[in-house]
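Everything below concerns the one structure shown next.
The values are calculated or read from the model by the stated rules, or taken from the named source; none is laboratory data. Values in this document were obtained by computation on a predicted structure and should not be read as measured data. Here the Cβ positions follow ideal geometry from the backbone for every residue, glycine too, while neighbour counts run over all protein chains shown. The accessibility values were calculated without ligands, DNA or RNA, using every heavy atom of the protein model including side chains. Shrake-Rupley method; radii C 1.70, N 1.55, O 1.52, S 1.80 Å.
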Amino acid sequence: TELKSYTIVPDCLYVERKADVQLHNIIEAMQRPGYVLVSRQMGKTNLLLKAKRRWENEKDLYVYIDMSNINETEKECFQSLIDTAIDTHEDILGYARERIQHLRRINITKSPVQAHNEELRELLKITPRKLVFILDEIDSLTRTSFSDNVFSQIRSIYFSRVNYPALEKLTYVLSGVVEPTEIIKNPKISPFNIGEKILLDDFSHKEYLLFIQKAGLEHLGKDVIERIFYWTGGNPRMTWDVCYELQNMATHIPETVDDLVKRLYLTTFDKAPIDTIRNLVKEDRDLRDAIIQLAYNKGKTLSDKMKSKLYLSGIVNYSDDDVNIKNSIIKESLSLSWLQQVEEEEKGLLTYAIDL
């Protein structure tokens with residue numbers, strides 16, 4: 001299968017990882033929400049859409065919503081979740097539309113959360129077996145003034161099953177670049193501590209070779225295939241982009257891979273995910289200090305909070321023990337000489353500001 005510049009990876013090229021199995025088990029159990037915690041450009045949206053494509057059927061309904069498009073009021077946000085569920089499953093859930101419109105006319109004095117819970121129960125009356133809400137990009141939602149109410153409502157669903165057994169048919173999968181402990185901002189509200197964390201690391205070497213096989217790239221030769229992995233470390237986005245460029249090149253030798261990587265990532269540093277990673281590092285002195293510690297093999301001394309920050313920045317894979325910069329491209333793009341240059345520029349601006 002020839003690689004193309006896909007937005008959504010087709011099934012024939014999709015490589016399952018540990019996260020796919022974990023997500024499936026969470027949805028099967030229906031006991032607590034799943035939370036995909038990962039940096040940008042790691043394939044989380046493809047993970048979620050693959051789950052919907054693979055497991056949805058006439059009895060198990062999946063509703064995918066990109067929360068970065070939710071910029072309304074709290075009431076409109078809740079109503080948007082219900083409306084999207086109906087619109088995308090009209091043949092099954094459409095029967096509830098008239099009843100929900102009636103509830104919205106008579107519930108104008110109720111809080112958005114109360115009104116939403118009533119509407120959910122109406123949907124669940126005609127849901128055959130499961131209703132799974134997949135809420136992607138939830139860090140966008142955390143920037144709104146009402147996000148605590150939305151996440152608290154999701155949390156309460158799992159405890160309200162005692163009074164409303166129909167809620168056993170409902171579960172949520174959340175995804176974003178924010179730790180679960182930081183989802184609910186108000187310290188007076190119970191934290192979002194019921195989610196089961198799903199970590200999405202890079203391809204293992206075995207998973208990488210499976211991708212090469214699915215993409216029909218064995219003709220590149222063992223040396224070239226191993227050189228790609230040396231540079232990308234199995235990062236899905238980088239692996240795809242390098243292989244996409246390489247597949248139609250006339251010469252396939254390790255030096256070709258080196259030249260291609262330097263041209264794509266290590267010249268102007270403006271290609272994803274390197275551009276995002278460098279911007280994050282440039283704006284955060286703590287990240288810069290942590291990278292210097294990694295350069296001197298002191299990853300074990302980093303706090304858990306800093307390890308998480310490095311992971312969510314796309315710099316390391318998730319590990320409870322030692323951590324290292326995940327691949328050679330990122331390592332070269334975050335060189336000590338560049339970090340020193342950033343420090344000098346920041347110090348220069350500070351001195352200039354003090355002078356003014």
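In region 168-187, of all residues being surrounded by 21 or more Cβ atoms within 10 Å (Cβ to Cβ) and among the aliphatic types (A, V, I, L, M), the one that is farthest from Gly34 (Cα to Cα) corresponds to Ile184. Among the residues here, Lys282 does not qualify as free of Cβ contacts under 8 Å to residues at least 40 places away in the same chain, surrounded by fewer than 20 Cβ atoms within 10 Å (Cβ to Cβ) and of a type in the set (Lys, Arg). For the residues Asp259, Asp322, the requirement of being over 18 Å from Leu37 (Cβ atoms), assigned to a helix (DSSP H, G or I), over 20 Å from the mean Cα position of the chain (by Cα) and not basic (Lys, Arg) singles out Asp259.
For residues in region 66-94 being closer than 18 Å to Lys169 by Cβ and open to solvent by 10 Å² or more (accessible area, probe 1.4 Å), which is nearest to the chain's Cα centre (by Cα)? Only one residue fits best here, namely Thr84. Just checking, does region 337-351 include any residue being modelled with pLDDT of 85 or more and in contact with a Phe, Trp or Tyr (Cβ under 7 Å, 6 or more places away or on another chain)? No: zero hits. Considered as a group, the residues in region 325-345 that are loosely packed, with under 15 Cβ neighbours inside 10 Å and touching a residue at least 24 places away in the same chain (Cβ under 8 Å) include one that is nearest to the chain's Cα centre (by Cα), and that residue is Leu336. Residues of region 294-306 that are of a type outside the set (A, V, I, L, M, F, W, C) and either open to solvent by 60 Å² or more (accessible area, probe 1.4 Å) or farther than 18 Å from Leu339 by Cα (or both): Tyr296, Asn297, Lys298, Lys300, Thr301, Ser303, Asp304, Lys305. Taken over region 169-182, the residue count meeting the criterion of being of a type in the set (Val, Ile, Thr), under 15 Å from Ile154 (Cα atoms) and at pLDDT below 90 is 1. For region 53-65, which residues satisfy the criterion of being part of a helix (DSSP H, G or I) and open to solvent by 50 Å² or more (accessible area, probe 1.4 Å)? Listed by number, the residues that qualify are Arg53, Arg54.
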